[in-house]
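The next block holds one structure in the form of structure tokens; read it before the comments.
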Amino acid sequence: MRGFDPYLVAIGRAALAALVAGVCLIAAGAPLLPPRAHLRSYAVIGLGVVFGFPLFSGLALDSGASVSHAAVVIGLLPAATAVCAVLRAGERPRALFWAACAAGAVSVTVFTLSRGGGRPSLADLLLLAALLCAAAGYTEGGRLARHTPGWRVISYALVVAAPISVPVTVVLAVVTPWHPTVAAVAGFAYVALVSMFLGFIPWYAGLALGGIARAGQTQLLQPLVSLLWAWLLLGEHFELATIAGALAVLLCVATTQRTRA
């Protein structure tokens with residue numbers, strides 16, 4: 001974000017990841033396009049995790065949200081994923097699961113409103129849009145990963161989105177300013193190759209094996225991990241309330257992982 005336009009980061013990461021995914025599909029001898037019967041699901045994944053989440057989260061950071069604040073708000077993502085798993089994947093978690101899930105969501109909501117003077121900020125609304133997009137993409141990907149390897153699921157989603165991501169990236173690269181420092185280029189490469197591609201391989205496999213709603217709750221750990229990285233890599237300082245909010249969310253992880261569908 002310190003070296004590139006937020007739109008270029010959001011779309012460009014998908015374009016670079018699509019090139020790598022296409023090479024992997026060709027090298028494995030797999031078809032370059034998914035079965036036509038699943039195109040709608042791959043389109044949902046593309047809109048959700050290829051475009052929606054990177055775009056809205058990048059704009060939230062560009063509008064003034066710190067990484068630590070964004071990390072705690074995104075702690076609502078597991079709850080949104082669980083709801084999508086019920087609506088789309090037919091999962092039926094137990095009451096204890098929903099109680100722990102709701103407790104985590106309430107903790108994040110209280111934290112967000114306390115930081116915004118009692119009302120959500122523009123950055124919070126952008127982060128809310130980002131997590132809803134991610135929840136839809138995670139659910140569709142988890143459904144497909146039940147019968148398709150996780151690496152092929154995210155590869156097909158990236159390839160299906162490539163006719164949009166690649167040309168838009170070229171245009172943005174021409175019309176937006178660049179400040180390609182070493183840190184900015186390294187960050188861009190990471191979000192393209194790891195966050196957008198490699199990280200989804202075990203993630204979708206885990207959702208398929210453990211159940212989308214239940215396995216998705218492990219992402220409640222993300223706020224704490226993100227706070228740690230924000231401190232180590234960006235030198236961000238966060239208040240006790242931020243740490244307390246993250247810990248409150250973390251307490252829900254053990255409970256959700258002890259429940260069975």
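Show me 147-157, 189-199 ranked by packing, highest mean number of other Cβ atoms within 10 Å first.
Values: 147-157: 22.9, 189-199: 17.5.
Ranking the peptides 147-157, 189-199 by packing returns 147-157, 189-199.
What list of ³J(HN,Hα) values in whole Hz, one per residue of the range 158-174 in order, does the Karplus curve 6.51 cos²θ - 1.76 cosθ + 1.60 (θ = phi - 60°) give from phi, with Gly and Pro shown as x?
5, 5, 4, 7, 4, x, 9, 5, 5, x, 5, 4, 4, 5, 4, 5, 7
Over all directions, what mean area does the Cα convex hull of the chain project, stated in square nanometres?
Details: hull surface 54.8 nm².
Here the figure is 13.7 nm², rounded to one decimal.
Would you mind computing, in nm to one decimal, how far apart the modelled labels at Ala28 and Ala184 are, each placed 7 Å from Cα along Cα→Cβ?
3.4
Subtracting the Cα-Cα distance from 0.36 nm times the residue separation, let me have the gained length for Val83 to Leu228 in nm, one decimal. Walk me through the numbers before you get to the answer.
Details: separation 145, 0.36 × 145 = 52.20 nm, distance 2.83 nm.
This chain segment gains 49.4 nm when fully extended.
Note down the magnitude of the dipole of the chain about its Cα centre, charges +1 on Lys and Arg C-beta and -1 on Asp and Glu C-beta and zero elsewhere, to the nearest 20 debye.
860
Would you grab the residues whose amide H sits under 5 Å from the one on Gly199? Only those 5+ places off in sequence or on another chain, please, with H modelled 1.01 Å from N.
Amide H neighbours of Gly199, under 5 Å, 5+ apart: none.
Since every read-out is calculated from the coordinates, none of them should be taken as a lab result. These numbers were taken from a predicted model, which means no experiment stands behind them. We place every Cβ from the backbone using ideal geometry, glycine too, and count neighbours over all the protein chains shown.
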